[in-house]
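Shown next, in structure tokens, is the structure this report addresses.
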Amino acid sequence: MYTDTERCVRAVRSKDARFDGWFYTAVLTTGIYCRPSCPVVPPKPENMVFHPSAAACQRAGFRACKRCRPDTSPGSPEWNRRADLTARAMRLIADGVVDREGVPGLAARLGYSTRQIERQLFAELGAGPLALARAQRAQTARTLVETTDLSMADVAFAAGFSSVRAFNDTVREVYALTPGELRARTPRDASARDTPGTLTLRLPFRAPLNPDNLFGHLAATAVPGVEEWLPHSPQGVGGAPIGSYRRTLRLPYGHGIVALAPRPDHIACRLALSDPRDLTVAISRCRRLLDLDADPVAVDEQLRADPVLAPLVDKAPGRRVPRTVDEAEFAVRAVLGQQVSTAAARTHAARLVTAHGTPVDDPEGGLTHLFPTPGELAALDPDTLAMPRTRRTTLTTLVRRLADGDLRLGPDSDRAETGAALLALPGFGPWTADVIAMRALGDPDAFLPTDLGVRRAARALGLPSTPAALTARAAAWRPWRAYAVQYLWATDDHPVNFLPA
């Protein structure tokens with residue numbers, strides 16, 4: 001979009017927050033870059049240039065606006081919608097791969113040379129993978145400086161910088177302030193600093209956001225010990241009566257516990273990390289879990305064009321697709337949920353967690369374990385599983401393939417190839433492959449025509465109820481069929497559609 005100057009100027013003049021993260025406005029006369037919704041008086045059009053990323057602005061010599069904080073904009077929805085090389089690379093960079101494995105590691109995961117990756121990213125985003133990762137490190141450093149009492153040296157290495165000097169230089173270049181000045185000018189809530197390793201953050205999103213099905217689904221399907229819904233938010237997440245969703249996180253350097261609660265203009269997030277180097281990854285996975293980088297206006301506009309869906313969209317716009325923080329975990333849970341109730345699936349998963357999960361301490365709630373990895377589940381005895389023999393075979397085959405690396409599920413997964421690989425596994429039908437595509441791989445066009453809830457909603461709305469006919473009818477909803485599923489599910493009174501009382 002950043003190449004459409006006229007459209008960008010209109011967005012800046014109207015201070016339209018829907019375009020935050022789509023592009024960035026760099027002002028030639030001030031040397032500052034802003035998000036489109038910046039509250040300051042818009043500059044003259046001849047003084048504006050537009051860039052596709054914060055990294056491109058920084059590479060061009062612009063520094064971040066201190067009013068609108070453009071580096072904290074929601075991520076571009078393009079990286080969720082698209083499945084090409086650039087989108088997969090951006091999802092991996094957000095997951096911290098460049099910081100941990102370097103550009104060669106990023107290229108190896110994607111199956112391309114480093115030169116090809118750099119050329120493709122620079123062509124689309126005006127910056128290479130190192131610059132994009134550097135911009136992300138700068139934002140992580142700012143978060144740690146503003147919300148913790150860590151020493152600046154600890155902040156530097158936790159944010160992924162190789163030296164304190166590189167950290168200092170980057171912060172000064174991006175924010176026109178030293179790290180010490182950044183900390184001194186930021187008022188902080190003392191309660192958020194009581195527990196070492198705990199951070200209180202605000203996760204932005206594009207409005208509207210309907211929290212009912214999003215948090216309702218996560219709460220209704222929560223695996224005991226790994227996830228829970230607290231009727232009151234923990235300290236630091238606002239204490240609102242609607243409560244918060246909490247879960248454990250398995251992270252590259254350690255583990256964490258997150259509490260997430262919906263607010264009118266943001267998601268309140270409280271993170272307790274065993275290693276602060278995991279902050280960037282934890283934030284990225286929480287955003288992915290709640291589908292916070294979606295563009296609900298574009299989605300709802302497309303679905304509202306269908307007269308059958310229009311009343312559902314108008315009644316409760318802004319539905320998101322509840323996703324996952326761990327693709328392998330969700331695949332295991334999808335198999336456990338085959339042809340059983342939500343309660344039965346939770347029971348099966350809780351038994352695996354108790355027998356094979358890693359114990360954790362949770363002084364603020366009742367979380368007890370990390371969900372077991374495929375490697376930990378690969379050694380389980382199938383005879384201990386209280387499920388039909390065919391489903392035991394399905395589960396053990398899946399975890400073995402995941403543990404061996406023959407099947408990879410992650411931000412870098414090619415959706416078409418992964419879907420074909422899943423369907424080739426014993427016991428995997430279209431429903432299982434499609435729900436993994438929708439919730440684990442983040443495919444916004446994944447569709448579940450064989451799902452019981454979808455077919456029941458289709459019959460109630462006068463839509464075709466057979467899978468083939470419903471799929472043909474749903475072609476008008478592309479590329480947002482996964483969101484159409486959320487609106488169809490919402491016609492039922494199942495607990496997944498409602499925030500817990």
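A few comments on the model shown:
- Helices (runs of 4 or more DSSP H) fully within segment 91-186 counting 2 or more residues that are without any contact (Cβ under 8 Å) to a residue 12 or more places away in the chain and of a type outside the set (Lys, Arg): 97-110, 114-125, 164-175, 179-184
- Residue match in segment 89-100 (condition: of a type outside the set (D, E, K, R), surrounded by fewer than 19 Cβ atoms within 10 Å (Cβ to Cβ) and on the phi < 0 side of the Ramachandran plot): no
- Residue list for segment 67-105, restricted to those being polar (S, T, N, Q) and either in contact with a strand residue (DSSP E or B) (Cβ under 7 Å, 6 or more places away or on another chain) or more than 25 Å from ARG478 (Cα to Cα) (or both): THR72, SER73
- Single unsatisfied condition, HIS266 versus (1) of a type outside the set (A, V, I, L, M, F, W, C); (2) touching a Pro at 6+ places or on another chain (Cβ under 6 Å); (3) within 29 Å of ALA458 (Cβ to Cβ): (3)
- Only a single item in (1) more than 28 Å from ARG185 (Cα to Cα); (2) surrounded by fewer than 21 Cβ atoms within 10 Å (Cβ to Cβ) is not met by PRO43, and it is number (1).
- Criterion applied to ARG415, ARG392, ARG401 was being at pLDDT below 95, surrounded by 18 or more Cβ atoms within 10 Å (Cβ to Cβ) and either over 30 Å from GLY197 (Cβ atoms) or among the basic types (Lys, Arg) (or both), and the one residue passing it is ARG392.
- Residue in segment 258-310 that is nearest to PHE205 (Cα to Cα), counting only those that are β-branched (Val, Ile, Thr) and more than 16 Å from the chain's Cα centre (by Cα): VAL297
- Pick from segment 335-357, criterion out of contact with any helix residue (DSSP H, G or I) (no Cβ under 8 Å at 6 or more places or on another chain) and not in a loop (DSSP other than H, G, I, E, B), ranking: nearest to ILE257 (Cα to Cα): VAL353
- Selected residue (criterion: surrounded by the fewest Cβ atoms within 10 Å (Cβ to Cβ)) from residues of segment 445-501 that are of a type in the set (Ser, Thr, Tyr) and not in a loop (DSSP other than H, G, I, E, B): THR471
- For first residues located in segment 482-501 and farther than 21 Å from LEU470 by Cβ, partners that are of a type in the set (D, E, K, R) and lie 6+ apart or on another chain with Cβ distances below 9 Å form the pairs PHE498/ASP212; LEU499/ASP212.
- The single condition from (1) in contact with an Asp or Glu (Cβ under 7 Å, 6 or more places away or on another chain); (2) more than 27 Å from ARG459 (Cα to Cα) that VAL313 fails is (2).
- Note on segment 332-373: residues that are closer than 18 Å to THR432 by Cβ and of a type in the set (Val, Ile, Thr) total 4.
- Within segment 125-149, the set of residues being crowded, with 18+ Cβ neighbours inside 10 Å and over 30 Å from PHE23 (Cβ atoms) comprises just one member, THR148.
- Answer from VAL308, VAL332 - the residue that is assigned to a loop (DSSP other than H, G, I, E, B), modelled with pLDDT of 95 or more and closer than 27 Å to TRP480 by Cα: VAL308
- Only one of ARG35, ARG69 that is in contact with a Cys (Cβ under 7 Å, 6 or more places away or on another chain) and within 22 Å of ILE283 (Cα to Cα): ARG35
- Inspection of segment 158-173 identifies no residue that is modelled with pLDDT under 90, under 27 Å from PHE50 (Cα atoms) and surrounded by 17 or more Cβ atoms within 10 Å (Cβ to Cβ).
The values are calculated or read from the model by the stated rules, or taken from the named source; none is laboratory data. Since the structure is predicted, the reported quantities are computational estimates derived from the model, not experimental observations. Using ideal geometry, Cβ is built from the backbone for each residue, glycine included, and neighbour counts are taken over all protein chains shown.
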